[in-house]
1. Only one of R29, R20 is within 60 Å of the chain's Cα centre (by Cα), at pLDDT 95 or above and of a type outside the set (F, W, Y). Can you tell me which?
2. Consider K78 carefully, then state whether it is out of contact with any Phe, Trp or Tyr (no Cβ under 6 Å at 6 or more places or on another chain), open to solvent by 90 Å² or more (accessible area, probe 1.4 Å) and at pLDDT 95 or above.
3. Under 9 Å between Cβ atoms, at least 6 apart or on separate chains: pull out the pairs that start in the range 104-125 with a residue that is at negative phi and end on any residue that is open to solvent by 80 Å² or more (accessible area, probe 1.4 Å) and among the hydrophobic types (A, V, I, L, M, F, W, C).
Amino acid sequence: MDVRFDAKKFRAHLEGARARANTAEAKNREHKTALQEKEEKSAALQERVSALRQSIRLTQGLYATRTKLRDVEDKLAKVEKRADESERKASQLEQEIEEWEKKYLDAKEKQRDAQRELDEIAAYM
């Protein structure tokens, strides 16, 4: 009977071990599934972080470009102001040239008239 009792005891022990092994395997599968889900979530978060970093770089680039654009706009405004001033100055100079040309033509006409009078006076003498 000792052998039977030992065999029953052994079977009971074996069934308990199998049950514990099955439980352990089930927990192992659960842990593997949980690990896989966490790895997938981690990969998704890594992609999101990468996308956010790229977005930050783009935003910083946009701010830098915006600053450069403001500088260019300021310089353009100054150039346009100078161009307007130059156009006004050129217009004034053209008016002065026209006035001087008119004075020159008037003076030349007076000189011709005076020369004619001198020629007439010289002809009478």
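The values are calculated or read from the model by the stated rules, or taken from the named source; none is laboratory data. Owing to the predicted nature of the structure, the values given are computational and were not obtained by experimental measurement. For neighbour counting, all protein chains shown are included, and Cβ atoms are generated from backbone atoms with ideal geometry for every residue, glycine included. When the accessible area is computed, the model is the full protein with side chains, heavy atoms only, and any ligands, DNA or RNA have been set aside. Shrake-Rupley method; radii C 1.70, N 1.55, O 1.52, S 1.80 Å.
1. Values: R20 fails: within 60 Å of the chain's Cα centre (by Cα).
Only one candidate qualifies: R29.
2. On the way: out of contact with any Phe, Trp or Tyr (no Cβ under 6 Å at 6 or more places or on another chain): yes; open to solvent by 90 Å² or more (accessible area, probe 1.4 Å): yes; at pLDDT 95 or above: yes.
The answer is yes for K78.
3. none
A quick yes/no check of all residues on (1) part of a helix (DSSP H, G or I); (2) more than 55 Å from the chain's Cα centre (by Cα); (3) not acidic (D, E):
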| position | (1), (2), (3) |
| --- | --- |
| L45 | yes, no, yes |
| L58 | yes, no, yes |
| D71 | yes, no, no |
| K75 | yes, no, yes |
| V79 | yes, no, yes |
| D106 | yes, yes, no |
| Q111 | yes, yes, yes |
